[in-house]
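First up is the structure itself, then whatever we jot down about it.
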Amino acid sequence: MARTAKTPRTRSALLLALALIGSPTPALARPQSGVAATEKTALRRNLAHFDHLYAERDLGGERVGILHIYSEAPDYRFAIEPREGYTCVDDVARGIVLLAATPRPDAHRRRQIEMLTRFVLHMQADNGYFHNFLWGDGRINRDYRTSLAELNWWSLRALWGLEAALPHLSPDTAKRARAATDRLVANLKRDLPVSANGTVRVANLIVPTWLPLESGADAGSTALLGLVPHYARTRDPATAKLIGRIGDGLVMMQVGDAKRFPHGVHLSWRNQWHAWGNAQAYALLRAGKLLNRRDFIDSALLEVDHFYPYLLRTEMRSSFTLENMIDGFATPEHQRFPQIAYGLAPMILAATEAYRQTGQPRHRTTAQALGRWFAGTNDTRRPVYDPATGRTYDGIVGPGRINPNAGAESTIEGLFALTALAGTPLP
């Protein structure tokens, strides 16, 4: 299967223009005055902007909830991507996971979970996969490449969201959600060649071809985050086998060790690593604990213990490619920017999960150090998260430059990070 060009959801031309304007929003204009003095409040979880993005509408004769994808500075009005739509499964499923992680959600949050779940269910196609985007007039975008009903990111994210929602749903919606996830997992068992041992050589690296999108360890980690709760609920042996095989592929994508660059990183796809969606260590920790796979846990801890500190020492990276040379690994391409919440949150989730499983203070320390990126320990010396509004900005796009927009992806991923740093696990 060809890899769809899934990237963090930004409208690059407009967003870069906004990021480069000379008059930043008032919240961004204030330099960070010292992380130590502000840590007590700087990372306080606030769902106000999430609620700003949330709306309800009638769809196919049913009331559903949606999340607006784009929210643009300075007034944070909503926008629409002309090729895609105004809301999507990818973000709505994320939102469900966030709300389901709320300790003892009240009636308001349970209603949001219910409504958002109904939207995701509406987007399931006859083939069992999910379309991603909805147009403003209520039509499903069935044709654009990032909205096809296929084995891709949004279908895998739907699985995680639906499984997370189940304990909080009305009986009828829960029944529909269980049926939807069972259909999707049946597709994954059929369409992922987990019984094969295929590999391909890329830049003198041997990578597996049985993961989603062939060597998509990034998408594979998202699959695991949905399959783990599915197996915990169903105890289906075939699902356990699928989890194990995807985990094997993620382990095979690990490169380097404690002393050798790139220090135990799990590559994202082929010979590439990118920060966005790099949940491989987090997913391996959760799968390893569930299946009692010590090799998965050890592989994840190698990345947490050595690659994350390397990133912190080198002021973060956005992406790089590797080539395996005789005397080590070369990086023909590497970028520091953009740095976004979707890149930091998976690492914080992994470090906090490592601390939960091992009790080692160094893992908590790593998570806290990564979390300070949101509070201003970053290239701009300005906060990327505003605790007064609940906005996580759409990232650092260059030296000293913040993109002041605050879309659903950034907002939710930022709240994922804050939830984990507060000691609350995601479902």
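The values are calculated or read from the model by the stated rules, or taken from the named source; none is laboratory data. None of these values were measured; they are calculated from a predicted model. Glycine gets a Cβ as well: all are built from the backbone with ideal geometry, and neighbour counts include every protein chain shown. Side chains are part of the model used for accessible areas, which takes the heavy atoms of the whole protein and leaves out ligands, DNA and RNA. Shrake-Rupley method; radii C 1.70, N 1.55, O 1.52, S 1.80 Å.
Tabulated results
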quantity: Pick from region 171-181, criterion charged (D, E, K, R) and loosely packed, with under 14 Cβ neighbours inside 10 Å, ranking: nearest to Trp154 (Cα to Cα); calculated: Lys175
quantity: Checking Trp153 against (1) open to solvent by less than 40 Å² (accessible area, probe 1.4 Å); (2) free of Cβ contacts under 8 Å to residues at least 60 places away in the same chain; (3) touching a helix residue (DSSP H, G or I) at 6+ places or on another chain (Cβ under 7 Å), the condition it does not meet; calculated: (2)
quantity: Criterion (touching a strand residue (DSSP E or B) at 6+ places or on another chain (Cβ under 6 Å) and of a type in the set (A, V, I, L, M)) met by exactly one of Ala330, Ala345; calculated: Ala330
quantity: Some residue of region 223-241 being small (Gly, Ala, Ser), over 29 Å from Phe416 (Cβ atoms) and not in a loop (DSSP other than H, G, I, E, B); calculated: yes
quantity: Candidates Ile340, Ile348, Ile297, filtered to the one that is more than 24 Å from Asp248 (Cβ to Cβ), touching a helix residue (DSSP H, G or I) at 6+ places or on another chain (Cβ under 6 Å) and either of a type in the set (Gly, Ala, Ser) or open to solvent by less than 40 Å² (accessible area, probe 1.4 Å) (or both); calculated: Ile348
quantity: Enumeration of residues in region 270-294 that are buried (at least 23 other Cβ atoms within 10 Å of the Cβ) and within 18 Å of Ala203 (Cβ to Cβ); calculated: Asn271, Trp273
quantity: Selected residue (criterion: farthest from Arg190 (Cα to Cα)) from residues of region 241-255 that are open to solvent by 20 Å² or more (accessible area, probe 1.4 Å) and not charged (D, E, K, R); calculated: Gln254
quantity: Lone unmet requirement of (1) open to solvent by 10 Å² or more (accessible area, probe 1.4 Å); (2) under 27 Å from Arg270 (Cα atoms); (3) at pLDDT 95 or above; (4) in contact with a helix residue (DSSP H, G or I) (Cβ under 8 Å, 6 or more places away or on another chain) for Val194; calculated: (3)
quantity: Subset tally (residues that are open to solvent by less than 10 Å² (accessible area, probe 1.4 Å) and in a loop (DSSP other than H, G, I, E, B)) for region 406-425; calculated: 2
quantity: Only one of Arg190, Arg145, Arg178, Arg183 that is more than 24 Å from Gly414 (Cβ to Cβ) and free of Cβ contacts under 8 Å to residues at least 12 places away in the same chain; calculated: Arg190
quantity: Residues being assigned to a loop (DSSP other than H, G, I, E, B) and among the basic types (Lys, Arg) - total across region 328-362; calculated: 1
quantity: Residue that is nearest to the chain's Cα centre (by Cα), among those in region 164-219 that are of a type in the set (A, V, I, L, M, F, W, C) and assigned to a loop (DSSP other than H, G, I, E, B); calculated: Leu213
quantity: Condition check for Ala281: under 21 Å from Ser410 (Cα atoms) and in contact with a helix residue (DSSP H, G or I) (Cβ under 6 Å, 6 or more places away or on another chain); calculated: yes
quantity: Qualifying residues in region 363-393 (those that are assigned to a helix (DSSP H, G or I) and among the polar types (S, T, N, Q)) - the one nearest to Gly414 (Cα to Cα); calculated: Gln368
quantity: Pairs with Cβ under 8 Å, 6+ apart, first in region 67-78 and of a type in the set (S, T, N, Q), second modelled with pLDDT of 95 or more and not in a strand (DSSP E or B); calculated: Ser71/His49; Ser71/His52; Ser71/Leu53; Ser71/Asn405; Ser71/Ala406; Ser71/Gly407; Ser71/Ala408; Ser71/Thr411
quantity: Wholly within region 55-141, strands (runs of 3 or more DSSP E) carrying at least 2 residues that are open to solvent by 20 Å² or more (accessible area, probe 1.4 Å); calculated: 62-67, 77-79
quantity: Residue list for region 197-230, filter: at negative phi and open to solvent by 40 Å² or more (accessible area, probe 1.4 Å); calculated: Asn197, Thr199, Val200, Arg201, Ile206, Thr209
